[in-house]
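Down below is the structure, laid out as structure tokens.
Quick note: the coordinates plus some simple rules give every number you see, no bench work behind them. What you are looking at is a predicted structure, and each value in this text was computed from that prediction instead of being measured. Note that each Cβ is placed from the backbone with ideal geometry, even for glycine, and that neighbours are counted across all protein chains shown.
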Amino acid sequence: MMRTVPGVSPSDFAKAIRQFEQAVGADWVYTRDEDVDLYRDAFSPFLGEPEERMASAAVAPSEVEQVQQIVRIANQFKIPLYPISTGRNLGYGGSAPAYSGSVVVDLKRMNRILDVNEENASCLVEPGVSYFDLYRHIQERGLKLWVDVPDPGWGSPLGNALDRGGGYTRPQFRNHFDAHCGLEIVLPDGELMRTGMGALPGAKTWQQYKSGFGPWIDGMFSQSNFGIVTKMGFWLMPEPEAYLSGSVLAAKRDDLYQMVKILNHVENSGVTNGLPDTGSPLLGIQTIEEFAQAMEDKPQPAPDPALLAARDKAEAGDSADLEAYGSRKNMAYWQFKLKFYGPAKAIAAQWEYCKDKFSVIPGVRFEDGPLYRLPLSAEQRENVHWPEFGIPTLNMFSIGARSSSNPTPTHGHMWFSPIIPRTAEAVFEANKVFAAAAREFDLPTLRFSLPSCYWERAFIFIFAFPVTTDPATNRKNRNAFHKLIELGAQHGWGEYRTAPAFQDAIMNVYSYNNHALRRFHETIKDAIDPNGVLSPGRYGIWPKHLRKSR
Ligand code: ADP
């Protein structure tokens, strides 16, 4: 039994499927439940409920011309499409469409690495090229280039960048969309377009100069539904000579104000050029690096009850006991781990400069981390957080897995990820607001959390909301998620990315001047995709005929 597409007659759908088969070959069109179900979102917050987003079929082209044909067929029969690259976007929607009944256009077979240029430190890839593919390609050829990878490192450079994901190395690479240089796009009417220098036929600089000529429209193809990207260029990071890390350790709660200010200065000046890693030994907040390395299934010693009591008091607003505990046990309140990539001599000097700057904080201490000359030795490799060295890994999956410290794992998670200002004031305020909200909305108690520094100049919190197999619990958590979006917006905080389940709600709070931004998106959508065939609903952009259902 074939599935159905809303608003499309079963006979038209069957005709469209036959035409898809003619375009790509019958082996590459999937209509049976057992195949189509592979595109369900394993982390869907609607597990087992009618609202779960379901595809009606899937089609897997191998060539750009086939993508164009698919789009033209979809226009003829008004079939909604949902392109994915490798569809590994777990926590942000996976491979399931934003609108049920869409046909997933699975681009995994378009997996050619079209160019890797060592001198220019750039590449040009198709959507199905995974981080592992690109990493291996570079390793096999012995090229001195790094790919900035997300963690976990499955997924694709192209899909991750289009959803504006991030990584772990220097700022201009860890912002994956910022690192791109040139796009090729199949537009919603089947037309093929190239951006940047790619618009100049025979251009020699498609992956060298980003903006080309005229309005720079590349951003419109990220977090949107304006085209199917079939090629994407990226700038890669030349393998640095060396890597160094160093920790800044401060003793008092209120030291955070100065620490963040100084951190911002040394980062914005380019003096520290890795991902700053924040933690609090006293509050029990691990740095990302510690978190990633603590994944082995080792039973943890029970914390000292005196420490737990002091922590509770600190979270209730009185840090005196916790600070005293820290000074007795030589434990820091705050730890900022700075990372440096570059020539060994230069980065040693950069770390010295940072120490000078942080020295204005009374009682501050420093710990010199290791200096590694690159490439890493096999032994060094065992002891580092791979993504900081451009090495993709799946280790992150062991965090949620069943273990002695996690006997009842959840069924997945949805990420709630608000952007807040890069100030200590904002960190304290957001903690207060979100902890009160957790109590109010009956969520698991929220301990004090530190935000991350993935993006320059802003902090980001990344909270995992559990997904369970119980619809009532999922419903409660979804409601809380909606309330947090509203609450964040009231404080001027907005999310950077979300799963389709919450895209309308988040777009709805980006409402300046009576939703001028969303209205602009809709004007563009209507102009370039009048039949509304491309990823309806993605990031809150609906075609006209579905807008009332928003
Ligand atoms: P990854 O390959 O990293 O797993 P996904 O394929 O999950 O990334 O992509 C994330 C989202 O970005 C998808 O759900 C889809 O909406 C959009 N997307 C991915 N690839 C393309 C593409 N080539 N063209 C247009 N949109 C895309």
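What number do you get for the stretch 396-443 when its Cα radius of gyration is normalised by 2.2 N^0.38 Å, N = residues?
Numbers: Rg = 14.8 Å, N = 48, 2.2 N^0.38 = 9.6 Å.
Compared with the compact-globule rule of thumb, the stretch 396-443 sits at 1.54.
By its C-alpha gyration tensor, with a ≥ b ≥ c as the square roots of the eigenvalues, how is the stretch 246-331 shaped: rounded for a/c under 1.5, else prolate for a/b larger than b/c, else oblate? Can you show the working numbers first?
Numbers: a/c = 2.69, a/b = 1.29, b/c = 2.08.
Oblate is the answer for the stretch 246-331, as a/c is 1.5 or above yet b/c matches or exceeds a/b.
If you take the Cα atoms of the stretch 327-451, find Rg, then find the Kirkwood Rh from the mean of 1/r over all pairs, what is Rg/Rh? Kindly include the intermediate steps, with their values, before the conclusion.
Values: Rg = 19.3 Å, Rh = 19.0 Å.
So for the stretch 327-451, dividing Rg by the Kirkwood Rh gives 1.02.
Highest first, please rank the peptides 478-490, 147-159 by the mean number of other Cβ atoms sitting within 10 Å of their residues. Present the calculation step by step, with values, prior to reporting the outcome.
Details: 478-490: 17.8, 147-159: 24.3.
In descending order of packing, they fall as 147-159, 478-490.
Mean residue ellipticity at 222 nm from the helices of the chain, using -39,500 (n - 2.57) per DSSP H segment of n ≥ 4 over the full residue count, to the nearest 500 deg cm²/dmol? Write out the running numbers ahead of the final one.
On the way: 17 runs with 182 residues, N = 550.
Mean residue ellipticity at 222 nm (helix-derived): -10000 deg cm²/dmol.
On a 0 to 90° scale, report how tilted helix 64-77 is relative to the longest principal axis of the chain, with both axes built from alpha carbons and the result rounded to the nearest 10.
Long axis of 64-77 versus the principal axis of the chain: about 70 degrees.
Which semi-axis lengths, in whole Å and largest first, follow from the square roots of five times the eigenvalues of the Cα gyration tensor of the stretch 103-180?
Working: eigenvalues 71, 52, 23 Å².
Over the Cα atoms of the stretch 103-180, the ellipsoid semi-axes are 19, 16, 11 Å.
Provide Rg and Dmax in Å for the chain, with only Cα atoms included in the calculation.
Final numbers for Rg and Dmax: 24.4, 77 Å.
If packing is taken as the average count of other Cβ atoms within 10 Å, what order do 421-429, 217-225, 52-60 fall into, highest mean first?
Details: 421-429: 17.1, 217-225: 18.9, 52-60: 22.3.
So the order, starting with the most tightly packed, is 52-60, 217-225, 421-429.
For helix 131-140, report the angle its Cα long axis makes with the longest principal axis of the Cα atoms of the chain; keep it between 0 and 90° and round to the nearest 10°.
Around 80 degrees separate the two axes.
Does the stretch 99-145 come out rounded, prolate or oblate by the C-alpha gyration tensor, with a ≥ b ≥ c the root eigenvalues, rounded set by a/c under 1.5 and, if not, prolate when a/b is larger than b/c and oblate if not? It would help to have the intermediate numbers written out before the result.
Numbers: a/c = 3.75, a/b = 2.80, b/c = 1.34.
In terms of gyration-tensor shape, prolate.
Shape verdict for the stretch 471-546, please, from the Cα gyration tensor: rounded (a/c under 1.5), prolate (a/b greater than b/c) or oblate.
It is oblate, given that a/c is not under 1.5 and a/b is not larger than b/c.
What is the helix-to-structure angle for 344-358, meaning the angle in degrees between its Cα long axis and the longest Cα principal axis of the chain, kept from 0 to 90 and rounded to the nearest 10?
Computed tilt is about 60 degrees.
Hey, can you rank 94-107, 226-239, 319-332 by average C-beta count inside 10 Å, highest first? Working shown, then result.
Details: 94-107: 24.8, 226-239: 23.0, 319-332: 16.3.
The densest-packed peptide leads the list: 94-107, 226-239, 319-332.
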